[in-house]
Structures are given as structure tokens and as C-alpha cells.
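**Q** Here's a structure for you.
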Amino acid sequence: MNWDGRQSVFDSAGKQMPDEQAAENTEHVWNIIEQAMKFSNKESATIPTEKSLYDYFQEQVATMFPGNNEELKKKRQTILDMAEMWGAFVGSPIQTQSLKFFWLEECIDGENLFVASTYDKILKKIAEPALKHATILFEHKVKTITSQESNGQTSVTLELEGRRSMTFDEVVMTAPLGWLKRNMSAFTPELPARFQKAVENLGYGHLDKVYVTFPTAFWDTPSQSAPSHSTHWPGFTHWPHPTFTPSTNPQAWNQEAVNLAALPHSTAHPTLLFYTYGPTSQHLGSRLSSLPSSKHTEALLAFFTPYFSLLPNYSPSNPSCHPTAVLATAWANDELAGYGSYCNFQTGLEKGDEDIETLRKGLPERGIWVAGEHCAPFVALGTVTGAYWSGEGVGKRVGEVWGLSGRGGGDVDEV
């Protein structure tokens with residue numbers, strides 16, 4: 001499905017912005033992002049490595065709304081606060097987004113679609129060949145990866161935790177970038193210096209999701225100025241710089257949620273999907289790791305209730321407003337996820353494009369290939385599409401080594 005693009009915004013005091021004002025400010029934010037993307041594309045070579053996307057925003061709002069009266073100051077600050085939503089796209093705060101390599105965040109052309117029915121059917125379809133023709137071993141944790149050469153032939157041995165080692169002609173590493181960052185010592189011989197540098201240089205985000213489900217979607221009523229065809233609360237709700245939650249969020253970290261009740265009827269459900277990133281994800285991850293699982297729901301609701309309690313029709317005495325289930329991805333706590341999710345491009349990065357190309361090339365001379373969203377074609381870095389294309393491309397290259405060129409996918413240019 002394609003969202004209608006509407007967004008409900010609450011200001012830092014928890015007061016809902018008029019829809020017209022929210023739409024206008026949102027448009028300003030996206031226009032500046034578009035300008036920044038063009039500027040990064042054109043001037044990347046001359047942009048200082050330490051300059052962030054937030055720095056660019058500060059310059060733009062000062063030009064767009066010059067003056068020192070309180071109304072203009074508030075306008076500038078509101079747009080800067082709303083710009084924090086960029087963190088939910090890349091997993092790290094906008095203040096750390098490299099302007100020099102912002103062009104690497106340029107998306108695939110076309111509509112921004114949301115897979116309302118989830119990836120379930122897609123995954124089943126693309127998994128069919130592997131399930132039918134390959135042996136898949138679950139719960140086999142790799143400790144070390146050793147490349148060796150004998151009689152001109154290269155092989156790769158995987159040492160497995162608590163199990164017998166296994167040896168292969170070729171190994172495709174799809175481990176997340178965060179795992180690679182923490183486990184470069186697992187490779188023997190030592191990884192080449194340039195490869196290590198590439199792993200170290202690229203950023204790794206902390207994008208997480210928290211699903212909060214209710215008996216009914218009590219909030220799901222159209223706003224007064226919504227288009228006549230809309231029968232739902234907007235698809236997105238944003239709480240920028242919420243200073244009204246000093247006890248649970250003293251740093252006033254940006255919060256945002258997607259209204260899953262606005263999905264098509266067959267896939268709609270009374271759930272708010274919160275996207276967290278950076279310090280919020282790390283804080284929640286740390287909080288959950290310190291508590292028994294029986295206390296997780298209580299801890300998560302203590303954090304998120306101040307936000308969803310501002311939605312229409314909320315009443316603490318109404319059973320419909322009491323969540324029935326809460327689920328947090330908590331990738332910030334997940335060892336095999338690399339304690340985070342999604343590569344990104346942070347300030348200080350000097351040769352981001354070359355770093356990606358280094359990972360994309362892999363170490364074929366050692367029988368080790370690398371695939372994933374962190375070494376995808378430039379137009380799809382940090383995306384599910386990019387991860388798929390990356391694996392498809394590596395599969396084609398491995399096939400070519402074994403004389404199987406022309407079979408399978410891999411038709412996407414790696415640019």
C-alpha cells in the first residue's frame with residue numbers, strides 16, 4: 001500500500017499541532033532533505049567530513065526564516081526538532097548523519113510503499129529453492145572462519161560452537177555489519193588492513209521497533225481537516241523533542257509511531273508501531289536487559305504511555321485503551337544482530353563509497369564473500385531490497401567461479 005502522507009505532530013509540550021501547520025512544517029523538512037541530497041551529490045568532494053545533515057538544516061532554516069523575534073525563533077526550532085525524524089530512517093541521530101556522504105542515502109526511485117501483509121509470503125517464495133535443494137542448519141553458531149590453501153585449492157573451515165567444524169569451498173558471510181565490527185578477530189588469516197578499515201569506518205545504527213497492541217484502535221478517527229476520503233487517524237504520529245516526559249525521557253528524545261489500524265481492512269490491526277533509534281534504542285535495550293522478561297511489558301509501557309495517551313479518545317479508565325500486548329525487537333541487545341541494525345554514514349567518514357566497494361568485493365581469493373545491506377548497490381544501501389540484490393549479486397559471482405555464469409539473478413548493476 002501507499003500511505004496518504006498525512007502526519008499528526010505534537011509539539012514539545014504535548015499539544016497537537018493544527019494539521020495545516022504540521023503539513024507545512026513536514027514539507028519544509030522534506031524540502032531541505034531533498035536540497036541536502038542534491039548538495040551532497042554535487043559537492044561531496046569539498047564538504048568537510050565533520051559536517052552533519054543537522055548543520056545543513058541549521059543553515060537552511062536561518063536563511064528561510066531570518067530574524068530574531070520569538071515567532072521566527074520558534075519556527076526555526078520547530079523545523080529543527082521535526083528534522084530529528086531522520087534518525088528513524090538510518091538508526092542514528094541526525095546530528096551524526098554525514099552530509100558529505102548523504103548522497104549514499106538516496107533511495108530507489110518510485111513510490112514509498114509499505115508491505116501491509118508483511119514479508120511473510122515473499123520470504124516463503126524466495127526461500128523455496130533453498131528449502132528444496134539445500135541443507136539448512138539452525139542453531140549452529142560460528143566461532144571462527146579459517147581460510148587455507150592446499151595444492152593450489154582454497155577451502156574455508158568454520159569452527160562451530162559446541163559442534164564439529166565444517167569445511168567448504170566457498171563461504172558467503174551475511175553477518176550484519178555490527179557483528180563484523182565486533183568479530184574481526186574470528187577470521188584467520190587476519191583480515192586485510194583495508195577490509196578492516198572499511199568495517200571500522202562505516203556506521204552502524206540502532207533502529208528498533210516496539211509494537212503496542214490494544215483491544216481496539218481507540219485513536220483511529222479522522223482529523224477534522226483530513227481529506228474527505230480518509231476515514232483514519234493519520235498513518236504517522238510524531239512527538240518531536242518531548243519535554244513533557246521528564247521522568248521517563250529526560251533527554252527529550254524524538255518519538256514516532258505508525259498507525260497500523262490505517263492499513264487495508266484485511267491487514268489492519270489495532271497496533272501502534274513505534275520506531276526508535278540511537279540513544280532511545282540503547283536506553284530501552286539496557287533497561288530490558290537489566291530486568292526479567294516478566295517485567296519487560298511494564299517497563300516499555302512506562303516509557304511509551306505518555307505518548308499514546310495523547311491520542312484521541314484516550315482514557316485511562318477505558319479498557320480499550322489498555323494494551324493487550326507489547327513486543328520490542330531489541331536488536332540493540334542482540335549479539336547476532338551486532339547489537340544494532342542497518343549500516344549508515346556518520347560524520348568523520350572520509351571514503352564511504354570506497355569502504356562499501358571494499359566490502360562488496362569481499363575476499364574471493366580466500367573463498368570468503370560478503371553480502372548484506374551494508375554492501376548493496378549504492379541506490380539500495382541499508383534496505384531489504386539492497387540486501388537481496390547483494391546476495392543475488394554474490395550468488396552470480398560465485399556461480400561464475402564454478403562455471404555457472406548466466407544462471408540465476410544478479411542483473412542489478414553494482415553502482
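**Q** Rounded to the nearest 0.05, what FRET efficiency is calculated for Thr188 and Ser290 with R0 set to 35 Å and r the Cβ-Cβ distance?
**A** 0.45
**Q** For segment 89-158, just say rounded, prolate or oblate: build the C-alpha gyration tensor, square-root its eigenvalues into a ≥ b ≥ c, call rounded for a/c under 1.5, and beyond that prolate if a/b exceeds b/c, oblate if not.
**A** Working: a/c = 2.58, a/b = 1.40, b/c = 1.84.
Judged from the Cα gyration tensor, segment 89-158 comes out oblate (a/c at least 1.5, b/c at or above a/b).
**Q** Right, here's the next one. If packing is taken as the mean number of other Cβ atoms within 10 Å per residue, what is the order of 278-284, 254-260, 167-173, highest first?
**A** Ranked from most to least packed, the peptides come out as 254-260, 278-284, 167-173.
**Q** With label points built 7 Å along Cα→Cβ from the Cα atoms of Lys124 and Lys361, find their separation and express it in nm.
**A** In this crude spin-label approximation the distance works out to 4.3 nm.
**Q** With the Cα gyration tensor of segment 4-116 giving a ≥ b ≥ c as the square roots of its eigenvalues, does the rule (a/c under 1.5 for rounded; else a/b larger than b/c for prolate; else oblate) give rounded, prolate or oblate?
**A** oblate
**Q** Find the relative contact order for segment 273-335 and round it to a whole percent, using C-alpha pairs within less than 8 Å whose residues are 6+ positions apart. Show your work: numbers first, answer last.
**A** Values: 23 pairs, mean separation 28.9, N = 63.
Computed value for segment 273-335: 46 percent relative contact order.
**Q** Net charge within 12 Å of Leu202 by Cβ-Cβ distance, Lys/Arg positive one each and Asp/Glu negative one each, not counting Leu202 itself? All intermediate terms of the calculation are to be shown ahead of the outcome.
**A** Values: positive: Lys181, Lys197, Lys351, Arg360; negative: Glu200, Glu350, Asp353, Glu354, Asp355, Glu357, Glu373.
In short, -3.
**Q** Counting other C-beta atoms within 10 Å, which of Phe218, Phe244, Phe138 has the fewest, and how do the rest follow?
**A** The order, fewest Cβ neighbours first, is Phe138, Phe244, Phe218.
**Q** Further, regarding this structure: Let me spell out the model: positive unit charges on the Cβ of Lys and Arg, negative unit charges on the Cβ of Asp and Glu, origin at the Cα centre of the chain. What dipole size does that give, in debye rounded to 20?
**A** 880 debye
**Q** Then there is this: Give me, ordered by chain and number, the residues 5 or more places off Val172 or on other chains with an amide H under 5 Å from its own placed amide H.
**A** Placed amide hydrogens put Trp369 under 5 Å from Val172.
**Q** Taking other Cβ within 10 Å of each residue's Cβ, how do Arg164, Arg182, Arg76, Arg6 sort, fewest first?
**A** Numbers: Arg164 6, Arg182 15, Arg76 19, Arg6 22.
Least to most surrounded, the residues fall as Arg164, Arg182, Arg76, Arg6.
**Q** Once the Cα atoms of helix 120-133 and of the chain are each reduced to a long axis, what angle between those two axes, in degrees from 0 to 90 to the nearest 10, is obtained?
**A** 10 degrees
**Q** May I pose another question? In degrees between 0 and 90, to the nearest 10, how far off the longest principal axis of the chain does helix 278-289 point, with axes built from Cα atoms?
**A** Helix 278-289 sits at roughly 80 degrees to that axis.
**Q** Hey, can you grab everything whose amide H is under 5 Å from the amide H of Ser52? Only 5+ residues off in sequence or another chain; H modelled, so Pro and N-termini drop out.
**A** Amide H neighbours of Ser52, under 5 Å, 5+ apart: Leu99.
**Q** If you build the convex hull over the alpha carbons only and average its shadow over all orientations, what do you get for segment 24-76? Give it in nm² to one decimal.
**A** The number I arrive at for segment 24-76 is 4.0 nm².
**Q** Still on this structure, please answer the following. Taking N as the number of residues in the chain, what is its alpha-carbon radius of gyration divided by 2.2 N^0.38 Å?
**A** On the way: Rg = 23.4 Å, N = 415, 2.2 N^0.38 = 21.7 Å.
So the Cα radius of gyration is 1.07 times the expected 2.2 N^0.38 Å.
**Q** With Cβ to Cβ distances under 15 Å as the rule, what net charge do the other residues near Ile368 carry (K, R +1; D, E -1)?
**A** Net local charge, Ile368 excluded: -1.
**Q** Under the rule a/c < 1.5 gives rounded, and otherwise a/b versus b/c splits prolate from oblate, where does segment 223-316 land using the Cα gyration tensor?
**A** prolate
**Q** If the viscosity is 1.002 mPa s and the temperature 20 °C, what translational diffusion coefficient in µm²/s does Stokes-Einstein give for segment 78-208 when Rh comes from Kirkwood over Cα pairs?
**A** Calculated translational D: 113 µm²/s.
Just so you know, all these numbers are worked out from the coordinates, no wet-lab data involved. Only a predicted model underlies this, so the values are computations on that prediction, with no experimental measurement involved. Because the Cβ atoms are built from the backbone with ideal geometry, glycine has one as well, and the counts that use them run over all protein chains shown.
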